[in-house]
Structures are given as C-alpha cells and as structure tokens.
1. State which entries of A:K185/B:K73; A:K89/B:K10; A:K176/B:K95; A:K156/B:K134; A:K90/A:K176 exceed 27 angstrom in Cα-Cα distance in the structure shown.
2. For a paramagnetic label modelled at 7 Å from the Cα of B:S6 toward its Cβ, which residues of region B:214-235 fall within the zone defined by backbone nitrogen distances under 16 Å?
3. Where the centroid of each part is defined by its Cα atoms, how far is region B:12-51 from region B:56-84 in Å?
4. List, in order, the whole-Hz ³J(HN,Hα) value for each residue of region A:118-129 obtained from phi through the Karplus relation with A = 6.51, B = -1.76, C = 1.60 and θ = phi - 60°; use x for Gly and Pro.
5. Given a Förster radius of 45 Å and the C-beta distance between B:S205 and A:T136 as r, what FRET efficiency does 1/(1 + (r/R0)^6) yield to the nearest 0.05?
6. Could you run the Debye sum over the Cα atoms of the protein assembly as shown, one equal point scatterer each and no solvent, and tell me log10 of I(q)/I(0) at q = 0.07 Å⁻¹, two decimals?
7. Using amide H atoms built in the peptide plane, which far-off residues or other-chain residues are under 5 Å from A:A94 H to H?
8. Go through region B:161-176 residue by residue and turn each phi into a ³J(HN,Hα) via Karplus (6.51, -1.76, 1.60, θ = phi - 60°); whole Hz please, and just put x for glycine and proline.
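Just so it is clear, none of the values below were taken in a lab; they were calculated from the coordinates. As the structure is a computational prediction, the values presented were derived from the model and not from experiment. Cβ: placed from backbone, ideal geometry, glycine included. Neighbour counts: every protein chain shown.
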Amino acid sequence: MTINDEKIADKDMIDKKATGWDREQMAERAAQDIPDGAYVNLGIGMPEKVARYVPKGREFIYHTENGLLGMGPSPDKDHISLDLINAGKKPVTAIPGAAYFHHADSFAMIRGRHIDICVLGAMQVSETGDLANWSTGAEGAIPAVGGAMDLVAGVKTIFVMTQHTTKEGQAKLLKKCHYPLTGPKVVNRIYTNLCVIEVTENGFELIELAPNVDFDYVAAHTEAELIDSRTQTLPLTTCHSDPLHHTGSQS
Amino acid sequence: MINKFSTSIKEIIATIFDGATVMIGGFGEAGSPIELIHALIDHGAKNLTIINNNTGSGQVGLAALIANGQVSKMICSFPRTANSTVFPELYRAKKIALELVPQGTLAERIRAGGAGIPAFYTATSVGTPLANGKEIRTFEQTDYVMERGLIADFALIKAHSADRYGNLTYHETARNFAPIMAMAANKTLVQAQHPVEAGDINPESVITPGIFVDHIVTVSLPQQESVLVAQGRTYP
C-alpha cells in the first residue's frame with residue numbers, strides 16, 4: 001500500500017530538543033512486541049525497518065499485499081526480478097516456503113482477519129484510535145489510498161510508527177484527527193521517537209518512555225490527554241483470534 | 001479445434017470499441033501488458049474507462065494511453081507513483097475523471113463481478129470519505145459499506161505460460177490482478193511469454209482456467225516499463 005507512508009516518514013524530522021529513539025531504535029522497539037509466528041504486514045517507509053530487528057528466537061512471516069506471503073529481504077543487484085516486488089514497487093525476494101497469489105486472495109488475507117499485525121505510518125492519530133494517513137484533504141491534491149483502508153479495517157492489531165510531532169513541532173497525537181480518516185478506532189499501539197503509547201478506552205496510555213525523555217515533555221507535545229501508565233504492565237493486544245470481532249482496543 | 005492463439009495483436013485489439021470499459025492487469029509495471037496497451041494506442045479507441053491499480057509512469061504503456069487522450073475515466077486505488085505525471089496533470093485540469101477505490105475493495109469488486117455478484121458489504125472505508133453516499137448496513141454490531149461488483153467489456157493481461165485452451169500461469173508477483181480481471185471481463189485478451197502444448201501445464205498448477213480467456217498472442221520478450229522510462233522513451 002501506501003507510498004504515502006514513505007513521504008510522511010521523509011517529512012518527519014526528529015525533534016531536536018528531545019531526540020529519544022532514532023528511527024532504527026523505534027523499529028527495534030516495535031519488533032519486540034511482535035510475537036513468534038506472527039503474520040506481519042509492514043507499511044512502506046519507516047515501518048519496513050522493523051524487519052531488521054526480529055528478536056532472537058522468533059520467526060515472522062511477511063505479507064505484501066500485491067501478492068506474496070514469505071517476503072524476504074531486498075535482492076543484490078544481480079538478482080533483481082522486475083516481476084518480484086513489494087507493495088512499494090521495490091524489488092524483494094521470496095523466502096523458501098513463500099507463496100504467490102492474486103490480489104483478491106491477498107486482500108482476503110487482510111480483510112478476512114488472517115494477518116496478525118500491521119505496522120503503519122501516520123499523519124495523525126486520535127485518542128480514540130482514529131488514524132489519518134492517506135490524505136491531507138488539500139485542494140488540488142491527487143487522492144491516493146492504496147491498501148491503507150483495507151489494512152486498518154481487517155488486520156487484527158494495528159501498530160503505528162511515527163515521529164511524535166510534525167517537523168514544525170505540531171502535535172500528531174490529537175483529541176480528534178483533522179485530516180480525512182483512514183479508519184475510525186483502529187490503532188492499538190503507537191511507537192514514537194519519545195515513547196510507546198497504548199490506545200485504550202481511556203485514551204492514550206503511555207506505557208514506556210524513551211531514555212532521557214520525561215513524561216511532562218511528552219505530554220506537552222501531545223494534544224490529547226496523556227495517561228501515565230508506566231507502573232502497570234498492559235498485556236499485549238497482539239494476535240487475538242476473534243475472527244468477527246473488531247480488535248481495536250475500544251471494542 | 002479450439003485454438004485461442006492469434007498471430008496478430010492488431011486483430012485481437014481491433015474489437016475494442018469507443019466507450020468500452022477495459023481492465024488492465026498489473027501492479028506498477030509488474031504484470032503490465034505493455035505490448036497490448038501499445039496496440040490499443042495504435043488502434044485508437046476513445047472515451048475508455050480504464051480499471052487498473054495505478055495510472056502508469058513515464059510516457060509509455062498506460063500513461064501513454066492516457067496521454068493520447070483515449071481515457072475519460074480511471075478506476076484505481078493509487079493514481080500517483082514515482083514518474084507518474086500524465087494522470088495528475090490531466091486530473092488537475094479536470095480532463096479525466098477518477099473513481100478512487102481502496103485497493104482491496106477494488107480487487108473484491110472485480111472478483112465479485114467475475115463471479116456474478118452485483119454487490120457486497122465490507123468494513124473497508126467505513127467512517128471515511130470514501131464511504132460517503134454509500135449504503136451502510138450493520139451485521140453483528142459492526143458497520144459495513146455496500147460496494148458494487150465490477151465487470152468490463154475487455155481485460156488486457158500478461159501471462160507467463162499459455163496453452164491453446166487458454167490455461168494460464170503467471171510469474172511471481174506479476175500475477176496480481178490478472179486472474180480476477182480475466183474472470184470479470186466479457187473478452188479477455190492475453191499476451192503470454194511462453195506458448196506451450198496442451199498438457200504441458202500441470203492441471204494442478206493452472207492459475208487461470210481457459211474458460212476465462214478468449215484470445216492469446218505470444219510476446220516472447222516483453223518490454224519493461226521501468227527500462228523504457230529510464231531511457232526516456234515515449235509511445236507512439
């Protein structure tokens with residue numbers, strides 16, 4: 001899906017006043033919350049980095065929605081096939097044991113709630129878990145959605161990876177999204193350069209701070225109320241296997 | 001004797017009429033039937049509605065078809081890509097219409113159309129601008145939006161191997177939309193890289209059964225969109 005994600009990621013700059021985690025560390029932190037054996041779809045751009053940090057002893061199977069389960073790393077330049085690409089239209093490889101399928105089957109995996117975790121970029125996230133990551137709604141812009149709406153509607157658990165604020169320092173974690181939604185009440189967990197946030201029925205619950213970042217600083221850069229939940233360990237929301245029930249933490 | 005192979009791309013494309021709806025396979029350049037698209041440019045049918053995930057890149061293939069003024073409407077999920085300038089310019093100038101569809105909804109609409117299903121309900125796009133004006137129904141406390149099946153007058157697709165009955169296989173992720181478009185079109189026109197004898201494709205390995213295919217031409221060495229774009233090529 002979304003080339004959007006790449007563009008969003010490119011626009012994001014790390015807040016100089018509180019660097020917290022860099023992008024690699026954000027990816028490494030998110031990877032720790034993906035259980036062994038999970039079927040995972042990684043958005044284009046920053047979320048792709050998660051694949052570099054599979055914790056020791058775990059195996060993830062990567063789905064790319066253009067029609068491959070068992071996506072491997074990028075090929076070296078002598079082994080590029082223009083027919084073997086990912087959702088961002090970049091050359092990839094297929095692992096031994098991979099499978100190819102057509103688009104309707106690929107999206108049945110997504111929409112039929114067979115994919116466990118999707119990691120996506122974001123423009124804005126609301127405290128109720130609404131996600132906006134496909135359009136600013138600006139006049140004259142060419143609207144393009146790709147598979148983003150299918151992923152948030154169908155994947156069991158949605159992780160968002162994003163810089164905590166825009167490069168202009170504006171909050172991205174809001175009471176209510178201003179941009180057109182990708183989906184309402186869909187985000188389960190947010191990994192930013194400053195912290196990890198669980199989205200619950202209470203709102204944004206901060207469960208972990210990046211090193212040398214303090215809670216008040218994060219709260220000041222979050223438009224919605226931020227609940228300090230560091231003392232309690234929330235169970236991971238990953239891999240619930242209730243096929244009909246929406247697994248957004250609000251439901 | 002049934003033989004769906006034709007020696008003339010021109011002949012099989014010639015039946016495409018002005019105002020036709022045409023599904024074109026491919027996700028980016030993977031699976032894009034570039035020789036069939038170029039033959040459609042030569043043929044010149046106008047006022048076409050094109051269904052494809054994207055809108056092409058550079059000045060070849062689908063982008064060239066649009067640039068040639070033959071397309072009045074695009075139905076797609078992601079109309080801008082790297083090197084994609086033709087569609088955005090025409091869209092901003094209001095010279096081409098766009099129906100934007102989430103990628104999975106697009107695939108399912110095509111699959112449904114090919115299976116004779118006029119409409120279905122999906123959770124995708126509920127609560128977003130893309131569900132505006134569409135019927136919403138609630139099943140088990142969850143809202144779903146009604147989407148319509150898509151059918152087409154023609155499908156242009158690219159296959160790896162083909163036999164005279166029209167049985168097809170594909171290569172890697174170039175498969176993408178081709179099998180479902182073959183099902184959803186009244187006439188499916190195929191460019192295949194490898195013509196094979198009936199029986200050479202193991203029945204267990206047939207991806208598109210021949211019933212969904214009408215005409216096949218062999219294109220042994222298909223051009224690659226990204227290579228043509230990198231060379232700055234244009235068509236015609």
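1. The answer is A:K185/B:K73; A:K89/B:K10; A:K176/B:K95; A:K90/A:K176.
2. Residues B:214-219 fall inside that zone.
3. 11 Å
4. 10, 10, 10, x, 8, 8, 8, 10, 9, 5, 9, x
5. It comes to 0.50.
6. The Debye formula, applied to the Cα set alone, gives -0.37.
7. A:G72
8. Calculated HN-Hα couplings, in order: 10, 8, 10, 5, 7, x, 5, 10, 10, 10, 10, 6, 7, 6, 5, 4 Hz.
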